[in-house]
């Protein structure tokens, strides 16, 4: 092989590798209450309603993880509506700080790992979503408390920050 043909093959191979590893542009954040995109293919938001289905479809959402108990949304059968719209649906009902447990953090992570992307994770305001993300970052990924809190805030952590910090201190998270 000549030097020129070797260079051409190398360039062609680099082009193939670049195409294989190309990163798609991130989807825009759907116009939902408190919506953010903390990671590619993941959206966190506040409460959703039946009238949000067109927004979810337009955003290409393939699955929904709901962190609210059914009692928070009487009259809205979210599971039935999401499934009828062709989206995967999972529910991990978190009523408040008492539900910020290691067991629920593990369930949260398992649901998130199994969810087809793009996925929407929501509660009433995004606060519980952020709390779970922060606790997961500390307890399961071994990040220190400040790093975990920053991740939680990127996911929507607000009012539960004090509770998350208390749990991290109780567990000895630096």
Without any contact (Cβ under 8 Å) to a residue 60 or more places away in the chain and not in a helix (DSSP H, G or I): does that describe residue 169? no
Restricted to region 78-95, and to residues that are within 21 Å of residue 153 (Cα to Cα) and touching a helix residue (DSSP H, G or I) at 6+ places or on another chain (Cβ under 6 Å), which residue is surrounded by the most Cβ atoms within 10 Å (Cβ to Cβ)? 94
Being in contact with a helix residue (DSSP H, G or I) (Cβ under 8 Å, 6 or more places away or on another chain) and over 18 Å from residue 126 (Cβ atoms) is the requirement here; does residue 71 meet it? no
Those residues that are over 25 Å from residue 124 (Cβ atoms) and touching a helix residue (DSSP H, G or I) at 6+ places or on another chain (Cβ under 6 Å), I need them from region 146-173; list them, please. 173
Can you tell me which residue within region 105-142, out of those that are without any contact (Cβ under 8 Å) to a residue 40 or more places away in the chain, in a helix (DSSP H, G or I) and out of contact with any helix residue (DSSP H, G or I) (no Cβ under 7 Å at 6 or more places or on another chain), is surrounded by the most Cβ atoms within 10 Å (Cβ to Cβ)? 127
Unmet requirement for residue 98, which otherwise passes all of (1) surrounded by fewer than 16 Cβ atoms within 10 Å (Cβ to Cβ); (2) out of contact with any strand residue (DSSP E or B) (no Cβ under 6 Å at 6 or more places or on another chain); (3) farther than 14 Å from residue 167 by Cβ: (3)
Matching residues, region 35-65, being out of contact with any strand residue (DSSP E or B) (no Cβ under 8 Å at 6 or more places or on another chain) and either part of a helix (DSSP H, G or I) or surrounded by 20 or more Cβ atoms within 10 Å (Cβ to Cβ) (or both): 50, 51, 52, 53, 54, 55, 57, 58
Before we move on, is residue 91 modelled with pLDDT of 95 or more and more than 18 Å from residue 46 (Cβ to Cβ)? no
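The values are calculated or read from the model by the stated rules, or taken from the named source; none is laboratory data. What you see is a predicted model; the values in this text were computed from it and never measured. Here the Cβ is made from the backbone with ideal geometry for all residues, glycine too, and neighbour counts use every protein chain on show.
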